[in-house]
Amino acid sequence: MKTKYIMNLTKKIALTAAVGFFVNLTFGQSVQDGINYVDSQKYAKAKQNFTDLINQNPKEASNYFYLGNTYLTQFDPNFTEAQESFNKGLAADPKSYLNKIGLASIKLGKGDKSAIAEIQQIVKDSKEKDAEVLFRAGEALTLFEKNSSPDLAITYLNKAIEKAQKGGVPANYYYSLGDAYRLKKDPGNAMSAYDKAEAVAKNKASVFTRKGTLWIAAQQWQQAKENIDKAIAVDPTYAPAYKALAGFNIKYQKNAEATQNLINYTKYADDDPYTKLEIAKLYFTNEDYANAKKTLDEVFDKVNDPIKYKLRSYIQYGDGDYAGAKQNMDTFLSQAEKSRVQASDEGLQGLIAAGLAKTEKDAAVKAQLEAVAQQKVAFAKAAKDETLKWDEELAKIRGGISNASANQGPTNATIEALKAKVAANPKDTDSLYKLAQEYQNVQNWNGAILTWSKMSSALPDWAPAYYSQGYAYQQAGNNDMAKSSYEKFISLVKPAEIEASKQSLGYAYFFIAYMEKDANPEKAKQAIAKSLEYEPTYQDAINLQKTLNK
């Protein structure tokens, strides 16, 4: 899940219309204000800005394009509102090339690749005289990754840049050129385009943020963090930088830091409902279900887009409310266009089915739900979708692990007090450690598993958290996840820590050997040898080695 939601935020930061004041006199300052608002992901202000321009001059077709394009470049495109605006622009001027490009962009967004030929014809009809038409044609071909045409986009964008040289090339021309190279998987030329943008951009924060997201995509974390930090230093109110930083911290499993980044992002973006939906989605990705639910509830009735039902379904799934999750996913599927249904939605349906199967009494229905679970999760995995760790989630469900199951398990006054401390300060690793230990003391294994998971998110390199999580999984009867946790523990033990960790390493390797003894005897033999290397007198390991060597 995390990888996917990080790719999405990189794309959206990179592909929104950008900054840099146009020197071209055909653009008024108010138009540029709207473009700057879009770049800062202040979509509500951008929409209001362009609406005011339309009210001031209803016959100016280009203003309708900019309003419609804002609906396309927001986090979840609203094709209905965009189409309405583009059609009004064409009513004002039937020859408006910009609004024709807008309508073709909608087709692309819906998966109709014939729109690429339409855009080519629109550019041909314009005789390539207008740099802005060339630019918007190139931008349109980069907006929707699955239906993009980066080579053609690069051609149009270079022509737009050449044509704009006399009056000064706007920064967003270079941004879109960089975006096209990113889609082409050519990071070198993408960075070169962003370097050129930096030379002309008024807001350097926008440039550094894009460079940071490019480094994130390349998994170069130090360079990514340096550039995003530069963006915030240049403009502490530039919202997209905090969103990029949240994505960085989610990727690196720094959940508490990501939550603070999202708080700052919320502060500096605006109250556009679609932005709030994106924030709720990121909270979910960060496994912060309480803030995800709170943020979604704030705008649920303000948004007509069926995407809200899908997001609520994810949040309910995270809370273990499988019946509610199914109802909302079904509503989304019944209302959304087929082009908006993703492989992750199939996978989530599979996980929901697995959750429902847990409590189903009818044997035939239970078997049917299990079959659906296997089929749909397999579909998501085959599509290489990484929205969720599908096998891990399936194992958690079958082990009965969720926030709800933890809350329903044994508790005491100490647990409740520690839960309150952790809720107030997610960075409080001391309280997390004590809470996990107390859950174990009362044998609330689901609570222990979830709390050790939070500890490993806060301290991703701290090996003991994974060992303890493995023990809790084992006590809960989920041996597959126990094995996975023990393997993670082994991988994180540093050379300087081996001496102090010998007993834990001996047991972890023994458990892995025991789990592999039937399916993979050779791996089991290797694991049991390592177990005895660390714990030579461990009788269970000695006995298992004898059995394996027969």
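Miscellaneous remarks
- Highest average packing first - 43-49, 357-363, Cβ atoms within 10 Å: 43-49, 357-363
- The fraction of all Cα pairs in the range 270-408 landing in successive 10 Å bins from 0 to the largest distance is 12, 42, 35, 10, 1, 0, given as whole percents.
- Ordering A380, A363, L311 by the projection of their Cα atoms onto the charge dipole of the range 294-413, which places +1 on the Cβ of Lys and Arg and -1 on the Cβ of Asp and Glu, puts A363 at the extreme positive end.
- In the context of the full set of protein chains, the range 49-145 has a per residue accessible area of 40 Å² (1.4 Å probe).
- Between T359 and D112, the contour length at 0.36 nm per residue exceeds the alpha carbon distance by 84.7 nm.
- Computed packing ranks the peptides 85-91, 368-374 as 85-91, 368-374, most packed first, by mean other Cβ atoms within 10 Å.
- With the simple model of a label 7 Å out from the Cα in the direction of the Cβ, E416 to Q121 spans 7.0 nm.
- The mean of 1/r over all pairs of different alpha-carbon atoms in the range 184-258, once inverted, gives a Kirkwood hydrodynamic radius of 12.3 Å.
- For the range 404-550, the mean projected area of the C-alpha convex hull, equal to one quarter of the hull surface, is 9.3 nm².
- The charge dipole of the range 368-424, taken about the Cα centre with unit charges on the Cβ atoms of Lys, Arg (+1) and Asp, Glu (-1), comes to about 80 debye, rounded to the nearest 20.
- Column: log10 I(q)/I(0), Debye, Cα scatterers of the range 375-487, q = 0.14, 0.17, 0.18 Å⁻¹: -0.57, -0.81, -0.89
- Simple spin-label estimate for A199 and K384 gives 3.6 nm between the two label positions (7 Å along the Cα-to-Cβ direction from each Cα).
- Exceeding the 26 Å Cα-Cα cut-off - candidates K293/K326; K308/K434; K107/K127: K308/K434
- Surface per residue (accessible, 1.4 Å probe) for the range 191-312, Å²: 39 Å²
- Convex hull volume of the range 344-407 per residue (C-alpha atoms, cubic angstrom): 71 Å³
- Think of the range 220-276 as a dipole: +1 on every Lys or Arg Cβ, -1 on every Asp or Glu Cβ, centred on the Cα centre; then among N227, N255, A241, N255 lies furthest on the positive end.
- Surface share of carbon and sulfur [accessible, 1.4 angstrom probe, percent] for the chain: 49 percent
- The chain: angle of helix 463-475 to the longest principal axis, Cα-based, in degrees nearest 10: 70 degrees
- Crossing angle, helix 413-424 versus the chain [Cα axis fit, 0-90 degrees, rounded to tens]: 20 degrees
- Heavy-atom accessible area with a 1.4 Å probe sorts F379, F50, largest first, into F379, F50.
- Inter-centroid distance (Cα atoms) of the range 326-358 relative to the range 436-512, Å: 32 Å
- Fraction of the pair-distance distribution of the range 20-121 above 24 Å, Cα-Cα pairs, percent: 19 percent
- Estimated D of the chain in µm² per second, where Rh is the Kirkwood radius over Cα pairs and Stokes-Einstein applies at 4 °C, 1.567 mPa s: 51 µm²/s
- Karplus 3J(HN,Hα) series, Hz, for the range 312-328 with 6.51 cos²θ - 1.76 cosθ + 1.60 (x for Gly, Pro): 4, 4, 4, 5, 5, 4, x, 8, x, 8, 6, 5, x, 4, 5, 4, 6
- The distance separating the Cα centre of the range 247-313 from that of the range 156-193 comes to 31 Å.
- Ordering A292, A217, S176 by Cα displacement along the dipole of the range 157-308 toward the positive end leaves S176 in first place; charges were set at the Cβ atoms of Lys, Arg (+1) and Asp, Glu (-1).
- Taking the Cα centre of the chain as reference, the dipole from Cβ charges on Lys and Arg (+1) and Asp and Glu (-1) amounts to some 660 debye.
- Between Q223 and T237, the modelled labels are 3.2 nm apart [label points 7 Å from Cα along Cα→Cβ].
The values are calculated or read from the model by the stated rules, or taken from the named source; none is laboratory data. Computed from a prediction, not measured in an experiment: that's the story for all the values here. Methodologically, a virtual Cβ is constructed for each residue, glycine included, from the backbone with ideal geometry; neighbour enumeration extends over all protein chains shown. Surface areas here come from the heavy atoms of the whole protein model, side chains and all, with no ligands, DNA or RNA. Shrake-Rupley method; radii C 1.70, N 1.55, O 1.52, S 1.80 Å.
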